[in-house]
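What follows draws every value from the coordinates through simple rules; no lab data is involved. Treat the numbers as computed from the prediction; the structure is a model and nothing was measured. Note: ideal-geometry Cβ built from the backbone for every residue, glycine included; neighbour counts use all protein chains shown.
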Amino acid sequence: MKIESPINQDSTPVVFSAEMMAEINSVIAMFPEGKSKSALIRILHIVQTNYGWTSVPAMNTVAEILNIQPIEVYEVASFYTMFHLNPVGNYVFEVCRTGPCMIVGSDEIIAYIEEKLNVKVGGTTADGMFTLKTAECLGACGYAPVLQCQYKFHEHLTKEKVDEIIEAYRAASFVN
Amino acid sequence: MAGRKLLIENVHIPGIETFDVYRKNGGYASVEKALKKMTPDEVVEEVKKSGLRGRGGAGFPTGMKWSFLAKPEGVPRYLVCNADESEPGTFKDRYLMEKIPHLLIEGMITSSYALGANVSYIYIRGEFMYILHILEKAIAEARANGMLGKNIMGSGYDLDLVVAPGGGAYICGEETALLESLEGKRGNPRMKPPFPAVKGLWGCPTVVNNVETIAAVVPIVNNGGEEYAKIGIERSTGTKLISASGNLVRPGVYEIEMGVSVEEFIYGDDYCRGIANGKRLKACIPGGSSVPILPAHLVTKTAAGENRLMTYESLADGGFASGSMLGSGGFIVFDEDQCIVRNTYTFARFYAHESCGQCSPCREGTGWMEKVLHRLENGHGTMEDITLLEEINKKIEGNTICPLGDAAAWPVAAAIRHFREEFEWHVTHPAEAQTRNYGLIQPRVEEIKAL
């Protein structure tokens, strides 16, 4: 697990908002007594939705809430690819590039987004607005090429459609 | 003509995603029938009679899987729905859950009753978070209408349903990895035995079934197992959702009667309507990325020259030499311009990315395959690399805890078996391989002779 961000060295505990805590508690309540660890992955989604990524201090707070060791949270967050362990842009584009997307042009779409945003795969735009990542099979092969941003699927991608998507996110009209 | 539809017939009815519309169109009849008129064992018996086989890919008989469930006194049992749909080429469960979520909820209730589970879980891949919300809404509606909770329809049977998301890991589609993940851990598959039927979720007896399998229980209970078994051929009974992708005129999700010919499915007006842009068929992967690829001449006909059908048996006809598998029904079609080496490389990269890292042969082997295929695809490969791929394959296959290793090895082996010339061309024409694809490969001379 790479923990390059200085935020990850900060030992100040993160205090979750009342709304976040209410949501977290409702997830914990879904599982039998003593099995609250089952809520962990969904809680990490809640953390990421609120902060944009899963920082070490935030994960430490999750460990406290679930009464488990911090390492039990880190090892899970680092196993599942959806969790960002370092800061990312406001909007993360995850473009699928596995076979079914590749054969209908995902490579060209990725190259186009790189050019359009002036950023390489893995990088974040200078204004901190977009991060470009690739994904392995998003399960939307019949509607390829596909990208996902903040849990939203954008399908049947073309260069024109990519332009529209980027503009819409800039105008923040795709907020889920 | 299009066959009968048992699962997605009603998806086009406006409002079918709501409880009221779904119920008015005959929804929840299986719950009513099972809970009021049948014992749990009678439900299991109908599923056995139906011949239903697991729709997630393995094709194991569902009724038999259910009958393996241990039933010790005083220990809870669980039904867990596998909605971690991640096999490249497969997107049917997403379609079903998004369009007609109550069908899955209904199937979960009827199946949970049959298995004696009082809490059941739907584990859904994290990328499908919007579907998790659709399912939770459907569950809330079902509860408000007395289909979930205490004493469902006055039967004395109690059931709660919970949806839990993953976080992006293909391996969690493997049932024991899924259970680990549902317990809030890394998705490392468990050693079997013990099987989940004996020790599953939190050490309790558990059945894990695919979304489509659970949905199929609804028509089976409604119409009877024997009626269901009348559809299809041999041990491929009922209907199957096929996810069609790649270079097709009309990709998408289709419900087929088992036994439709592959030719009809690819070219028929009711299905995919042929290859896109007037091109020719080069290859097809009929059951998701893990199953062997077939070259054009083995797609619609078997090696023996018989019509290839959309059934477990017919797609597997010829074994790994000239056949493939129905798998999850992830039907990927390649036109004449597609590069098989590049496609195989993307799959190898996929498996290397998704290997959980627990077993060395898979962790290291998938990485090696990715690197070697990257070399070949980018014009730095040698003839020995092709042999090396075959060697790596043999060292992964059968040497891992779970089937991900096999799933990674088989597609590479099959691609080399049927498209060796194309791999060799990448070695002999490195510069050309960078600028154009190999194009439509002619059937190998010896394969034509074999026909």
Gyration tensor verdict on the range B:7-93 (Cα atoms; rounded if a/c is under 1.5, prolate if a/b is larger than b/c, oblate otherwise): oblate
Over chain A, what is the percentage of antiparallel beta bridges among all DSSP beta bridges, to the nearest 5? 50 percent
Amide H within-cut-off set for B:Ser261, under 5 Å, with H built and near neighbours excluded: B:Met310
Semi-axes of the range B:233-335's equivalent ellipsoid from the Cα gyration tensor, sqrt of 5 times each eigenvalue, largest first, rounded to whole Å? 18, 16, 12
Evaluate the charge dipole of the range A:91-170 about its Cα centre and quote only its size in Debye, nearest 20, assuming +1 on the Cβ of each Lys and Arg and -1 on the Cβ of each Asp and Glu. 160 debye
Using +1 on the beta carbon of Lys and Arg, -1 on that of Asp and Glu, and nothing else charged, what's the dipole of the range B:43-113 about the Cα centre, debye to 20? 220 debye
Electrostatic dipole magnitude of the range A:1-94 [Cβ: Lys, Arg +1; Asp, Glu -1; Cα centre; debye, to 20]: 140 debye
Alpha-carbon centroid distance for the pair the range A:109-153 / the range B:165-192, whole angstrom: 26 Å
Positive-end extreme of charge dipole, the range B:340-450 - chosen from B:Ala431, B:Ala348, B:Leu376 (charges on Cβ): B:Ala348
Loop sites only, by DSSP: take the GluC sites (Glu not before Pro) in chain A that have at most 12 other C-beta atoms within 10 Å and name the longest stretch containing none of them. A:34-176
In square nanometres, what is the average projected area of the Cα convex hull of the range A:91-170? 4.4 nm²
For the range A:72-174, which trypsin sites (Lys or Arg not before Pro) are in a loop by DSSP, counting at most 14 other Cβ atoms within 10 Å? A:Lys120
Everything considered on the Cα gyration tensor (a ≥ b ≥ c; rounded for a/c under 1.5, else prolate if a/b is larger than b/c, else oblate), the protein assembly as shown must be described as oblate
Charges on Cβ only, +1 for Lys and Arg, -1 for Asp and Glu, centred on the Cα centroid of the range B:19-230; of B:Ala70, B:Met147, B:His133, which one is farthest towards the dipole's positive end? B:Ala70
Residue-wise, which Karplus ³J(HN,Hα) couplings in Hz belong to the range A:57-66, taking 6.51 cos²θ - 1.76 cosθ + 1.60, θ = phi - 60°, and x for glycine or proline? x, 5, 5, 4, 5, 4, 4, 4, 4, 8
Please give the Cα centre distance for the range B:404-438 versus the range B:364-394, rounded to the nearest Å. 9 Å
Near the amide H of B:Val163, under 5 Å away, which other amide H atoms are found, from residues 5 or more places off or on another chain, if H is placed in the peptide plane? B:Ile122
Of the DSSP H helices in chain B, the ones reaching 18 Å or more along their long axis in Cα terms and averaging at least 1.0 in Kyte-Doolittle hydropathy are B:211-223
Exactly which chymotrypsin sites (Phe, Trp or Tyr not before Pro) in the range B:343-408 are in a DSSP loop and have at most 11 other Cβ atoms within 10 Å? none
What is the antiparallel percent of DSSP beta bridges lying wholly in the protein assembly as shown, to the nearest 5? 50 percent
Residue by residue, what Karplus-based ³J(HN,Hα) values in Hz, rounded to whole numbers, does the range A:86-93 have, using 6.51, -1.76 and 1.60 with θ = phi - 60° and x for Gly and Pro? 9, x, 10, x, 4, 10, 9, 8
For the range B:176-242, which trypsin sites (Lys or Arg not before Pro) pass both filters: DSSP loop (anything but H, G, I, E, B) and at most 16 other C-beta atoms within 10 Å? B:Arg235
Can you find, among A:Ile110, A:Val76, B:Gln338, the residue farthest towards the positive end of the dipole of the protein assembly as shown? Put +1 on the C-beta of Lys and Arg, -1 on that of Asp and Glu. A:Val76
What are the extents of the Cα atoms of chain A along their three principal axes, listed from largest to smallest and rounded to whole Å? 49, 34, 30
Output ³J(HN,Hα) for the range A:48-53: one whole-Hz value per residue in order, computed from phi by the Karplus curve 6.51 cos²θ - 1.76 cosθ + 1.60 with θ = phi - 60°, and x for Gly and Pro. 5, 4, 7, 10, x, 7
